[in-house]
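Visitor: Before I ask anything, let me first share the structure, which is written out below as C-alpha cells.
Each value in this text was obtained by applying a stated rule to the coordinates, not by laboratory testing. Small disclaimer: the values here were computed from a predicted structure and weren't measured. Quick reminder, even Gly has a Cβ in these numbers, built from the backbone with ideal geometry, and neighbours come from all protein chains shown.
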Amino acid sequence: MADLLDIGQQKAALDRNTLLRGSRGTGKSSLVKALLTEYSSQGLRLAEVSRRHLIELADIQELPHDRPERFILEKAVGQESTG
C-alpha cells in the first residue's frame, strides 16, 4: 500500500464500507490488489459480482455476514454471457 501515491483520501476511506468509483485509470483496481496483498493473511478475500447481479447487491452483501473472512466485492470486468 505504501507504493501507491496520491491516493491518501481513498486510503483513509477504507476504514469503513466504501464504494470505490471513478474513471478508468484512477487506481481503483490497484488499491484493491494492494489491500488483498496486505490483508489476505488476516482473512481478506475478493468476491466478483457480475453486472447482471448488481441489482442483487444488498442480498449479496448479506451472504458473507456470518463468515470469519472479510470480503471486497468487485464488479466483474470483461465480456459477460447473456445466455
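Visitor: Subtract the Cα-Cα distance of residue 59 and residue 19 from 0.36 nm times their separation in residues, and report this length gain in nm to one decimal.
Guide: 12.8 nm
Visitor: Using Cβ contacts closer than 10 Å as the measure, can you line up 59, 66 from fewest to most?
Guide: Least crowded to most crowded, the residues run 66, 59.
Visitor: Here is a follow-up. Put a dot 7 Å past each Cα toward the Cβ at residue 46 and residue 73; how far apart are the dots in nm?
Guide: Here the answer is 1.7 nm between the modelled labels.
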